[in-house]
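Throughout, read-outs are computed from the coordinates displayed, never taken from laboratory work. Nothing here was measured: the structure is a model prediction, and the numbers come from that model. For neighbour counting, all protein chains shown are included, and Cβ atoms are generated from backbone atoms with ideal geometry for every residue, glycine included.
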Amino acid sequence: MSRSGITVTEHLLRQQRLHPLASGAFTVLLSELIVAAKIISKEVRKSGLTDILGLTGDINVQGEAVKKLDQFAHAVIVERMSHLGQLCAMVSEESADIIEIPVKYKRGGYVLVFDPLDGSSNIDANVNIGTIFSILKKVSPGEQVVSADVLQPGYNQVAAGYFLYGTSTMMVYTTGGGLNGFTLYPAIGEFLLSHENITIPEKGKIFSVNMGYANYWDENVTAVMDHFTQADPEKGLPYSLRYIGSLVADFHRTLLYGGIFMYPPDKKDPKKPRGKLRLTCECAPLAMLVKEAGGLATDGETDILNIEPEEIHQRVPIYIGSREDVETVMGILKG
Ligand code: P6P
């Protein structure tokens, strides 16, 4: 099989062989997550054809109307990952509290943090949506799970990635040794290596933000948008604006084409002054990925990977993408 025919399972095993002390627990964990993603992908692909679309009437912890596919994706991951014997706890965007592994199952030394189906507001419009995951090692001694095990800074992540349910289903992940992308080949049900050693361009031509909130930003954030929209061809300005409103899709385009994705703080919702996106299950995993690709991620002051979470659903502003573009933004935000 040519190099491009490498399955993600073979790739995981190669990564494992690079770490002689690796127990294989990690490979088992990621392999099962891949099975969960294939099940979710199958459901997402047919979602336009069944009555699974539409609201369940439930509200998730974020106060957002939950669509059935959200709950389905959450349930598939929780059910499949609970009995593996590799996890001690899980954190899901769809669950208010830490999900402990039932005592009937053997517990392991890893913590899985995930957003089961991000971009769910786009489900009915058939727009790309995705699953984001982050894996941490348990840090406290003994079997008992404590908050310190899940409230770890992003630089402690041992792996991160996402599944993108778009024109094709893709998996992008890192265990710290580079960033690789795999495309699902439905005929054989395998993710095949399609994007080896992804690196993000040093500088892009696209900025991605919801300009509809312009009246809710402070003057420094406004100055950032003025920078990208000014007419100065010698500086390669203005940039193009692309915003899908589905984080995984906007991030994936930024990763491959370069540029910057931003969700700044805004005064639109007094309950969310620090922006909308969650630190542990969205921003920290994407920050690990972009760093592996040579990019940067910041909340405007601090590297996302250095932020110590205070609670599992903490929200942070995020500016993530090409190194030069993020550095330009940080300079403007400093005023
Ligand atoms: P807004 C989708 O609901 C989501 O959580 C992310 O996928 C996306 O980046 C963001 O919210 C869009 O938020 O406020 O621009 O609609």
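List of remarks:
- Close amide H pairs (under 5 Å, H built 1.01 Å from N) link Ser194 with Gly181, Phe182, Thr183, residues at least 5 positions away or on another chain.
- Each part gets one Cα centre, and for region 126-191 versus region 277-335 those centres are 17 Å apart.
- ³J(HN,Hα) computed for each position of region 207-214 - Karplus, 6.51 cos²θ - 1.76 cosθ + 1.60, integer Hz, glycine/proline x: 10, 10, 7, 8, 5, x, 9, 3
- When +1 charges are put on Lys and Arg Cβ atoms and -1 charges on Asp and Glu Cβ atoms, the dipole computed for region 206-333 relative to its Cα centre reaches about 480 debye.
- Size descriptors for region 206-333: radius of gyration and Dmax over Cα atoms are 13.7, 45 Å.
- DSSP beta bridges fully contained in region 206-333 are about 70 percent antiparallel.
- In summary, the lysines within cross-link reach of Lys203, defined as a Cα separation below 23 angstrom excluding same-chain residues under 8 places away, comprise Lys235, Lys291, Lys334.
- The 3J(HN,Hα) values that the Karplus relation (6.51, -1.76, 1.60; θ = phi - 60°) gives for region 124-141 are, in residue order, 5, 9, 6, 8, 3, 10, x, 10, 10, 9, 9, 10, 10, 8, 4, 10, 8, x Hz. Gly and Pro appear as x.
- Rg then Dmax, both in Å and based on the Cα atoms of the chain: 19.5, 64.
- Added length on full extension, which subtracts the Cα-Cα distance from 0.36 nm per residue, Gln62 to Glu311: 88.3 nm
- DSSP-defined antiparallel bridges as percent of all bridges, the chain, nearest 5: 85
- Cross-link partners for Lys104 among the aspartates and glutamates, with Cα-Cα distance under 14 Å and sequence neighbours closer than 8 places in the same chain left out: Glu79, Glu143.
- In order along region 84-98, phi translates into HN-Hα couplings of 5, x, 10, 10, 9, 6, 9, 10, 10, 4, 8, 10, 4, 10, 4 Hz, rounded to whole numbers, per the Karplus curve 6.51 cos²θ - 1.76 cosθ + 1.60 with θ = phi - 60° and x for Gly and Pro.
- Selected from Tyr155, Gln16, Ile188, residue furthest toward positive end of dipole (the chain; charges at beta carbon): Ile188
- Long-range HN-HN contacts of Gly204 with modeled amide H, under 5 Å: Gly259, Asp325
- Prolate/oblate/rounded label for region 8-195 (Cα gyration tensor, a/c 1.5): oblate
- Folded to 0 to 90 degrees: helix 8-17 orientation relative to the chain principal axis, Cα: 80
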